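The values are calculated or read from the model by the stated rules, or taken from the named source; none is laboratory data. From a predicted model like this one, the values you see are computed outputs, not experimental measurements. All Cβ positions, glycine included, derive from the backbone under ideal geometry; neighbour counts span all protein chains shown. Ligands, DNA and RNA are excluded from the accessible area calculation, which covers all protein heavy atoms including side chains. Shrake-Rupley method; radii C 1.70, N 1.55, O 1.52, S 1.80 Å.
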Amino acid sequence: MNRNQLSLFIAFVLCFSHGIIAQNTTSTKRVYTTKALQNNSTITIDGILDDNAWNQVPWSGDFIENDPDENTAPTFQTKFRVLYDSKYLYVALKAYDENPSKIEKRLSRRDGFQGDRINVLIDSYHDKRTAFLFTVTAAGVKGDEIITNNGGNIDDSWNPVWYTKAQIDEEGWTAEMKIPLSQLRFGNQKELIWGFNVLRNTFRENERSVWNRIPAGSPGFVNEAGELHGLKKLIPQKQLEVQPFTVLQLDSYEAQAGNPFRDGSDFKLNGGIDAKIGVTNDLTVDLTINPDFGQVDADPGAFALDGFQIFLQERRPFFVENKNIFDFEFANGQDNLFYSRRIGRSPHGSPSLASGEYADVPRNTTILGAAKFSGKTQNGWSIGILESVTAKEFAKIDNNGSRREEIVEPLTNYLVLRAQKDFNNNNSYLGGIFTATNRNLEGKFDYLHKSAYTAGIDFNHNWKNRNYFIDGNVIMSTVSGSATAIEATQRSLTHLFQRVDANHVNVDPTKTSLTGTGGKFSFGKNGGGNWRYTGAVAWRSPELELNDIGFLRQADEIFQYADVGYQTLKPTNTYRSARVKIEQSSTYDFDGNYNRFQLEIQSNVNWKNNWWTELGFGHKPRIYTNTFLRGGPRWRYSDENFMFLFFGSDQSKKFNFTLGMVESKSKQNNFAFKRRVFRFNYQPINSLSFAFATTYNLNPNKTQYVNEKSFGSVQRYILGEIDQKTWDASLRINYSINPNLSVQFYGSPFITRGTYTNFNYVKNATASDLNDRVQWYSTNQITKSGSEYLIDENEDTITDYKFNNPNFTFAQFRSNLVVRWEYIPGSEMFLVWSNGATQFGDGTESLGSTVDNLIFNRKADNTFLLKLTYRFLR
């Protein structure tokens with residue numbers, strides 16, 4: 001650590017120490033008392049507050065503005081009532097508005113959160129960290145989310161069964177909620193106290209008001225909730241839901257002559273059962289038998305030149321729901337001990353085919369069954385157990401009508417155990433995780449790990465009204481298998497033990513296991529006042545390996561990070577809010593190499609008219625990487641400077657847009673990056689909305705990795721000057737007939753093209769001057785012959801080595817048309833049409849011709865799907 005970094009670290013420690021000795025303060029919570037609903041009273045959920053039962057309790061109100069001008073009177077007041085009986089909690093809501101014709105009644109699918117809306121927050125654990133959020137819009141669209149980590153994590157995949165309606169009247173709008181107690185989690189006590197808050201969003205004013213004050217600059221919002229009293233002799237309800245489903249699927253595609261597996265169409269009929277069983281009121285078992293994990297939403301197009309795996313978001317409902325419980329992000333970036341896309345992934349193996357043979361290889365591994373046991377107990381334990389078994393998969397091979405099978409994926413078991421315990425008045429927690437992957441290799445698949453285990457512990461401590469924090473985690477991994485499998489792991493891009501200049505690692509071809517560690521420690525101030533700061537250090541040892549059930553991009557790294565930020569707490573005549581932050585980071589490897597240093601300043605302003613601006617600048621005076629030459633020596637990039645600018649219009653308007661640019665340039669024009677972004681949203685009527693986004697990237701680089709060849713006893717790392725252009729776009733159209741019936745279209749083309757010239761090879765990989773770092777081939781040394789480049793490096797008219805032309809075009813188009821109908825609460829019907837095509841080329845195609853061939857002139861793959869579910873409740 002150099003002198004400047006040491007000074008910065010000392011400054012952070014001083015700020016941190018000041019936070020430790022500061023007095024702890026807590027805000028006073030308001031109290032609201034409810035009465036039990038009488039047996040002879042009924043409430044009809046129609047959004048009209050005319051039921052006599054509501055008169056049993058008084059209105060609660062006195063809302064205050066939370067954003068933009070915190071702790072002032074809101075534009076319009078709101079009030080509510082709460083009742084309950086043995087099975088339901090009822091909430092009446094009245095939102096005053098002096099101009100009801102201007103209330104935004106925007107229709108959307110569930111969890112769309114468009115237009116005027118009210119959120120009811122229920123912290124039934126009363127742990128001040130976890131809550132259930134129920135939302136209703138003025139159009140009657142429902143939303144529901146589970147909030148954890150005091151608002152740090154919000155999971156909108158949770159879809160409980162509950163009931164709500166809304167109505168517009170001459171005073172504004174009203175709504176009613178009926179929430180089954182079985183959907184909430186609480187203990188068995190004589191009288192309960194729940195955390196409770198009501199939040200209203202007046203869309204056209206872009207204003208949020210709350211019943212119980214959430215002070216500006218708070219580190220979260222669950223701990224700022226008020227309290228709901230009067231819940232007496234409430235009996236916990238054990239949840240029991242069974243949901244069978246049926247799927248009919250027809251795939252059509254371009255027939256391949258002679259291939260009996262590609263005759264133009266396939267038909268599939270599938271069925272299964274999903275179930276939720278409440279073991280206790282706090283803990284639930286989710287079961288799925290013969291699950292349908294087909295995605296309704298398509299993955300976005302992506303293409304990586306650096307060779308690293310691409311992280312894809314989880315979209316399958318079984319794994320998305322309660323995802324936060326199983327997350328264990330242990331360092332920085334996307335690294336996680338549990339990456340659910342590993343389960344049900346495409347098979348690892350591929351069949352060996354002779355001439356004239358055809359194969360039918362499964363796209364994904366079949367998930368035979370999966371189960372989750374998860375929840376949070378009244379005494380502060382968060383528990384998650386996930387078990388899944390994927391089938392042994394075979395490729396069917398045809399040779400002139402003669403069939404055989406070849407295994408391409410072994411039977412595999414996945415296990416994840418997760419637990420956390422709150423203590424210190426819910427201001428601290430201590431947790432742990434354990435994962436296991438076990439494969440039945442049956443003497444085959446010598447390139448796969450037979451077993452992989454990871455374990456970790458994490459902790460978090462907050463003080464001074466949770467404005468200051470310290471947290472961290474430590475993990476360990478171990479993988480075992482054949483010597484071939486462990487050697488492949490050592491040589492993979494994540495590890496690169498074969499690096500020619502590495503003194504701390506080397507490939508051991510006799511090893512049958514590998515054990516590594518990682519972790520992170522951070523501290524800072526994340527609430528209270530205008531200032532924020534963070535300091536952190538993370539590490540991944542060279543031997544760390546998570547990619548059997550987790551996600552790890554790169555091992556062998558030590559990462560240091562610090563930031564200081566300032567934010568306004570009150571609006572002015574010019575802006576509603578403003579933020580500025582300075583970040584510093586550096587990285588090292590376990591060989592002691594100082595690889596990267598970066599400084600960045602970011603600013604964000606939300607202007608008075610609700611337009612917004614983001615502006616940032618960065619400087620990278622030191623950029624080394626151990627992976628660029630893929631086993632070759634450590635490589636130095638030239639110094640880089642970058643900036644970004646984004647701005648947009650008022651997001652509450654029916655038409656709003658975003659424009660943005662990113663500019664990056666390096667010393668000696670080694671490389672550059674230019675990005676242009678345009679997005680807009682348009683809702684011409686309440687039931688119809690359009691969302692369009694497009695990005696265009698230019699990424700020229702004089703030293704893009706191409707190949708590695710031998711020249712006598714010397715290794716040549718061949719690079720080239722690439723001109724890469726990438727364009728992608730997406731269009732979403734949503735038409736909502738009512739809150740329970742909608743039609744959505746999604747279409748997305750992705751095209752990237754790279755052409756190479758001015759080939760060169762590495763001369764001195766860490767030289768500061770680009771001309772000392774590489775040597776360009778002369779016209780006498782390189783000759784293009786067909787699809788190859790021939791190299792005569794010593795100019796003796798004999799080819800010394802050669803490599804393929806690396807030019808490329810990759811184009812992809814994906815679209816979905818989905819009709820969703822929730823015909824009764826919790827039961828749905830889906831009609832889906834998916835369309836997709838992929839095209840590869842040699843880089844000579846124009847953008848226009850690529851679009852024509854991809855979208856208009858190429859026969860696409862089509863999938864037509866009908867899925868019907870029915871949810872039985874108790």
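Relative contact order for the range 487-640: what is it in percent, counting Cα pairs under 8 Å that are at least 6 residues apart?
Details: 346 pairs, mean separation 28.3, N = 154.
Dividing the mean separation by the residue count of the range 487-640 yields 18 percent.
Given the -39500 (n - 2.57) contribution per DSSP H run of 4+ residues, what per-residue ellipticity at 222 nm results for the chain, rounded to the nearest 500 deg cm²/dmol?
-1500 deg cm²/dmol
With labels modelled as points extended 7 Å from the Cα through the Cβ direction, what inter-label distance (nm, one decimal) is found for ASN71 paired with ILE289?
For the pair ASN71/ILE289, the computed spacing is 5.8 nm.
For LYS165, list the lysines whose Cα falls under 23 Å from its own Cα; do not include residues on the same chain fewer than 8 positions away.
LYS35, LYS79, LYS87, LYS94, LYS102, LYS105, LYS142, LYS178
Just in the range 61-151: which trypsin sites (Lys or Arg not before Pro) are loop by DSSP and have at most 14 other Cβ atoms within 10 Å?
The qualifying sites are LYS87.
Computed FRET efficiency, Cβ-Cβ of SER355 and ASP251, R0 25 Å: what is it to the nearest 0.05?
About 0.35, to the nearest 0.05.
Please identify the trypsin sites (Lys or Arg not before Pro) of the range 423-484 that satisfy two criteria: DSSP loop assignment and at most 15 other Cβ atoms within 10 Å. Which are they?
LYS444
Can you list, largest first and rounded to whole Å, the semi-axes you get for the range 474-513 by taking the square root of 5 times each eigenvalue of its Cα gyration tensor?
17, 14, 9
Suppose every Lys and Arg Cβ carries +1 and every Asp and Glu Cβ carries -1, with no other charges. What dipole size does the chain come out with about its Cα centre, to the nearest 20 debye? Before the final figure, lay out each step's value.
Values: 95 positive and 95 negative charges, 325 e Å.
Magnitude of the dipole: close to 1560 debye.
Cβ under 11 Å from SER652's Cβ, SER652 left aside: what net charge do those residues give with Lys, Arg +1 and Asp, Glu -1? Display every interim value, and only then the final one.
Details: positive: ARG106, ARG204, LYS653, LYS654; negative: GLU104, ASP116, GLU205, GLU207, ASP650.
Local charge sum for SER652: -1.
Quick one: what are the phi-derived ³J(HN,Hα) couplings along the range 385-393, Karplus 6.51/-1.76/1.60 with θ = phi - 60°, whole Hz, x for glycine and proline?
So the J values, rounded to whole Hz, are 10, 10, 10, 8, 10, 10, 6, 6, 10.
Might you tell me the accessible area per residue for the chain, computed with a 1.4 Å probe and given in Å²?
I get 44 Å² per residue for this part.
Run the dipole for the range 463-578 about the Cα centre, Lys and Arg Cβ at +1, Asp and Glu Cβ at -1, nothing else charged, and hand back the magnitude in debye, nearest 20.
Once rounded to the nearest 20, the dipole reads 880 debye.
If the cut-off is 24 Å between C-alpha atoms, which lysines fall inside it for LYS725, apart from same-chain ones fewer than 8 positions away?
Of all the lysines, those that pass the test against LYS725 - Cα under 24 Å, at least 8 places apart if same chain - are LYS620, LYS665, LYS667, LYS674, LYS702, LYS784.
Any idea what angle helix 3-21 forms with the longest principal axis of the chain, computed on alpha-carbon atoms, 0 to 90 degrees, nearest 10?
Here the helix axis deviates by roughly 20 degrees.
Any idea how far the Cα center of the range 314-344 sits from the one of the range 444-469, in Å?
Cα centres, the range 314-344 to the range 444-469: 12 Å.
May I ask for log10 I(q)/I(0) of the range 640-697 at q = 0.20, 0.24 Å⁻¹, from a Debye sum over the Cα atoms as equal point scatterers with solvent left out?
-0.75, -0.91
Separation of the range 590-662 and the range 514-542 by C-alpha centroid, Å?
Their Cα centres are 20 Å away from one another.
What does the convex hull of the Cα atoms come to per residue for the range 206-246, in Å³?
Dividing the Cα hull volume of the range 206-246 by its residue count gives 200 Å³.
Tally up the carbon and sulfur contribution to the accessible surface of the range 652-798 as a whole percent, 1.4 Å probe, everything protein left in place. Before the final figure, lay out each step's value.
Working: 3660 of 7020 Å².
Ligands and nucleic acids excluded, carbon and sulfur give 52 percent.
Rank HIS449, HIS619 by accessible area, highest first, at a 1.4 Å probe radius?
Putting HIS449, HIS619 in descending order of accessible area: HIS619, HIS449.
Can you give me the Cα centroid spacing of the range 361-392 and the range 180-257 in angstrom?
22
Can you pull out the trypsin sites (Lys or Arg not before Pro) in the range 349-415 that DSSP calls coil and that have at most 10 other Cβ atoms within 10 Å?
The qualifying sites are ARG363.
Report, to one decimal in Å, the Kirkwood hydrodynamic radius for the range 793-844 based on all distinct Cα pairs. Walk me through the numbers on the way to the answer.
On the way: mean 1/r = 0.0614 Å⁻¹.
Taking the inverse mean of 1/r over all distinct Cα pairs, the range 793-844 comes out at 16.3 Å.
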